[in-house]
1. If we keep just the residues of segment 201-224 that are modelled with pLDDT under 90 and either in contact with a Phe, Trp or Tyr (Cβ under 6 Å, 6 or more places away or on another chain) or under 13 Å from residue 166 (Cα atoms) (or both), which is least open to solvent (accessible area, probe 1.4 Å)?
2. Going through segment 202-248 one residue at a time, which ones are within 22 Å of residue 159 (Cβ to Cβ) and in contact with a Ser or Thr (Cβ under 7 Å, 6 or more places away or on another chain)?
Amino acid sequence: MTIPLVVGVDGSEASLEAVDWAADEAVRHGVPLHLLHAAPRDHEVSDVIGHASERAVKGAPTVRLSSEVLHDEAASALVDKGRNAFALVLGSRGLGDLAGMLLGSVSLAVAARADCPVVVVRGAAEHRNDRFESVVVGVEEGEGSGTAVRFALREAQVRRCRLVAVHAWSTQLGALTTPQAPSWYALEAHRRSPAQVLDDALRTSEEQYPDARVSHRVVEGPPRQALLEAASEADLLVVGARRRQGHLGLQLGLTNHALLHHAPCPIAVVPRI
């Protein structure tokens, strides 16, 4: 049995936009779509699932659809369902979020705790409807970005679009930043150029997708700025996240937090294996 793509719904417009995106994504990958609505036991359950199901079928008539209502806290229910999911898809804000919030509390909690990729559907319609025919992935030094790169390559392949792999670097962002010691990146740059770092990080994954159209982009500057600029002309932004050592969940970091709040397009956070 194929594991499903799971989308969280709460009746908000943002969650319905996530349903639209997830229905198309499920059809692209040939996986079932599962709608999940979670609410406390004392909460009156309206026909949230019914409306979301109608929306999914209207946008993607061929999608294989299932649904359920769970009496549980939303983030916990989604994280639990994500242990056996192709990915989790969420809207950027829910019904209970305060006006002015850039990202809903449930979406942020799930992105930080899930075991599977989490896609937060953000941005204007042009960024949600494959207008740009481009997927962007952020690539860090070494093999840490491998899972995110493979996810992004697969997305680019099923969408038949190009992949833009972005590696941002700066001699000011190294691990050793005391006046007496040069940064780690400055030391590493003596052995490999930033372009070589990007090539090395992509080589193994690219070999698995020989037909992929991949553009390598090396940018000197903060990763947040480089990825936001690249995402301004993308249909999907993909980033990796490390697991916390000795703790449950992921270490999203400042860059991923900023991207989850400000990305102009849907963003996928992919846990590193």
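1. Filtering segment 201-224 down to residues modelled with pLDDT under 90 leaves 201-212.
Still in the running and either in contact with a Phe, Trp or Tyr (Cβ under 6 Å, 6 or more places away or on another chain) or under 13 Å from residue 166 (Cα atoms) (or both): 201-202.
Details: 201: 17, 202: 1 Å².
Within segment 201-224, the match that is least open to solvent (accessible area, probe 1.4 Å) is 202.
2. Hits for segment 202-248 are 233, 234, 235, 240.
The values are calculated or read from the model by the stated rules, or taken from the named source; none is laboratory data. Predicted model only: the values in this text are computed from it and were never measured. No Cβ is skipped: glycine too gets one built from the backbone with ideal geometry, and neighbour counts run over all protein chains shown. All accessible areas refer to the heavy atoms of the entire protein, side chains included, with ligands and DNA or RNA removed. Shrake-Rupley method; radii C 1.70, N 1.55, O 1.52, S 1.80 Å.
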